[in-house]
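The structure appears below as structure tokens.
The values are calculated or read from the model by the stated rules, or taken from the named source; none is laboratory data. All values derive from a computational prediction rather than experimental measurement. The area values use the complete protein model at the heavy-atom level, side chains included, leaving out ligands, DNA and RNA. Shrake-Rupley method; radii C 1.70, N 1.55, O 1.52, S 1.80 Å.
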Amino acid sequence: MEAPAAQGPAEPSGPSGASGPADVEITVTSPEQMRELGRRLAKLLRAGDLVMLSGELGAGKTTLTRGLGEGLDVRGAVTSPTFVIARVHPPLGDGPPLVHVDAYRLSGGLDEMEDLDLDVSLPDSVIVVEWGEGKVEELTEDRLRLRIERAVGDTTDEVRHVTVTGLGERWARADVSVLAG
């Protein structure tokens, strides 16, 4: 028997990580295409949006965020914040700032991230968190999750498979299919 449709945000169900109706599957074949995906994503985002990125090391999370920064027209080169944990990129125009967080080195949940004041920054910024699963979900029910999968091991394969999942009321109303190009 199938469970009734959830009211409000819902995580993908089942052990396989089955996707919900807001999922979009995108194949990316080069770093430039990953940046372009970030630029397209920027057109959908507004202050108050939380974007969670997951994927293996070298999957393209920072490359995507670099394109996002270009699309949001923010100041400063978007680079991996691995060692500083978070970087704020102020807008060059009227758009929101970009807060880029790398939670890889953080082992706890939102409590450990409290010093970053993400809850304070969220209403006025676009926050992108790499490695944020299990750590930042409590910030908001409305979030966009991108899972980037790539071939692992000793390979030069540039192909990436990106799954975009919109969670919460905000993303239930958004047309994330435009990201597929």
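General remarks:
- The range 119-181, accessible area per residue, ligands and nucleic acids excluded (1.4 Å, Å²): 50 Å²
- When a 1.4 Å probe is rolled over the protein heavy atoms, the share of accessible surface on the range 19-95 that falls to carbon and sulfur comes to 53 percent.
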